[in-house]
Amino acid sequence: MSAHLRALRLVNFRNYVDATALLAPGLNVVVGENAQGKTNLLEAIAFNVTGSSPRTPKENEVVRWGADFTRTEARIAVDGSAGERAVAIGYAPGQKKRITVDGVPAPSLTNYAAGGAGARVVTFFPDDIRVVKGAPSDRREFLDGLLSSLRPAYARAVGEYARAVQQRNQLLRRIRDGFSSERTLATWDRKVVELGKTILAGREAALPILEEHFKDALRALYGPEKAALRYAHSGTLEAYSEALTEAHSADVERGTTSVGPHRDDFEVLLGGVNLTTFGSQGQQRIATLALEFAARDYVRGAVGEDPILLFDDVMSELDERRREYLAGYFLESTQAVISTTNLEYFDEEILRRTRIIRISGGSILETATDGARR
């Protein structure tokens, strides 16, 4: 048994003034009309469990309009024990987040994000189709986010590497403009390579495992056509230092670092076809779902626990067969919180075993477990 949320309180979060959601193990369906707060509730769960919003890097956006702070409080049942963990996050724009677990301040956001709440999450929001459809940076962010949720050291390396590349780029432009010597690059080369190798090693170890889970998920969602994930290097782990040195002249001319994990990508393939370039919108959406399911299985294999699944408006663009598969998948999960505008996407047997949370205008109107289609 893995961790699950029992309750979440939202204060001044998006369109919520002060509301509390009671959740159950297994499937929880959040239902309501559009623009009532369903997505915001899922975002608030992720914010509470990870310390950050999965929807925006501008976290002042999560503070309700006209308010000067937001706060989320959760009760989390850990490892199926009778006890629970109390987690709270307070945030005011311009100030440092205040994160406490059982009343004790979290040592750092990085450590907290890697399971400090006693739980982890895997999320799907409609915009996440960019992981397959979008730029290489979207796929790098997906992979680094997954690995950072498991290893604080990896998360720190990602942040330090980004800063080191930025510093190296500034030096490259100074060299190009005649204010520094190319000999001064050696120090930043060593720093960038040291951190970059940590990232490359983590990605290269993870991707084959993630690929196997992705194949299984896509086979269930799409069919028997062969699927694959293929890493695209700007410089391999073994040849990274040499490739960076060889790129000196070109890097100075452009004023930017051309080799390293910040320039890498991974291809999402179906039947040998790159879905980023040639996939239909439907294929890209299903492949994105398969990647999120693969992430769930990867987390389970790495830490032996199921993450909480937070899937927003996942049923609306799927056919009946896939809806039935997803409903069963979510129902058998340790905990899944799914948003929808229409309970007709779920059959009566599923709903009888589901907690229904009805939302309107930033208020939680009702929590029911009988699955009634009222």
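Quick notes on this structure:
- Of the residues making up the stretch 323-361, those that are among the aliphatic types (A, V, I, L, M), surrounded by 18 or more Cβ atoms within 10 Å (Cβ to Cβ) and either in the same structural domain as residue 222 (by TED's automatic domain parsing) or not in a strand (DSSP E or B) (or both) number 5.
- Among all positions in the stretch 38-60, there is at least one residue which is in contact with a Gly (Cβ under 6 Å, 6 or more places away or on another chain), crowded, with 16+ Cβ neighbours inside 10 Å and farther than 21 Å from residue 95 by Cβ.
- Tally of residues being surrounded by 13 or more Cβ atoms within 10 Å (Cβ to Cβ) and not charged (D, E, K, R) across the stretch 87-108: 12
- Entirely in the stretch 24-117, the strands (runs of 3 or more DSSP E) that have 3 or more residues that are under 27 Å from residue 365 (Cβ atoms): 26-31, 70-77, 85-91
- Residue match in the stretch 109-128 (condition: of a type in the set (Gly, Ala, Ser) and surrounded by fewer than 17 Cβ atoms within 10 Å (Cβ to Cβ)): no
- Residues that are touching a strand residue (DSSP E or B) at 6+ places or on another chain (Cβ under 6 Å) and assigned to a helix (DSSP H, G or I) do occur in the stretch 133-152.
- Verdict on residue 271 being in contact (Cβ under 8 Å) with a residue 40 or more places away in the chain and of a type outside the set (Phe, Trp, Tyr): yes
- Identity of the residue in the stretch 193-233, in contact with a strand residue (DSSP E or B) (Cβ under 8 Å, 6 or more places away or on another chain) and of a type in the set (Lys, Arg), that ends up nearest to residue 248 (Cα to Cα): 203
- Test: residue in the stretch 291-301 that is in a loop (DSSP other than H, G, I, E, B) and surrounded by fewer than 21 Cβ atoms within 10 Å (Cβ to Cβ): no
- The stretch 156-192, residues that are aliphatic (A, V, I, L, M) and closer than 16 Å to residue 253 by Cβ: 171, 172, 175, 185
- The residues of the stretch 1-14 that are of a type outside the set (A, V, I, L, M, F, W, C), under 18 Å from residue 362 (Cβ atoms) and surrounded by fewer than 19 Cβ atoms within 10 Å (Cβ to Cβ) amount to a single one, 9.
- Whenever a residue of the stretch 61-84 is of a type in the set (Phe, Trp, Tyr), its partners that are modelled with pLDDT of 95 or more and surrounded by 11 or more Cβ atoms within 10 Å (Cβ to Cβ), lying with C-beta atoms within less than 6 angstrom and at least six residues away or across chains, give the pairs 69/92.
- Contact map, the stretch 233-258: residues that are assigned by TED's automatic domain parsing to the domain that holds residue 189 paired with residues that are among the β-branched types (Val, Ile, Thr) and modelled with pLDDT under 95, Cβ distance under 9 Å, separation 6+ or inter-chain. Pairs shown: 243/236.
- Matching helices (runs of 4 or more DSSP H) fully within the stretch 198-283 where at least 1 residues are within 23 Å of the chain's Cα centre (by Cα) and polar (S, T, N, Q): 275-278
- When the criteria are applied in full, residue 317 fails the requirement of being at pLDDT below 95, surrounded by fewer than 21 Cβ atoms within 10 Å (Cβ to Cβ) and closer than 22 Å to residue 78 by Cα.
The values are calculated or read from the model by the stated rules, or taken from the named source; none is laboratory data. No experiment lies behind these values; they were computed from the predicted model shown. Heads up, the Cβs are rebuilt from the backbone with ideal geometry, glycines too, and the neighbour counts pull from every protein chain shown.
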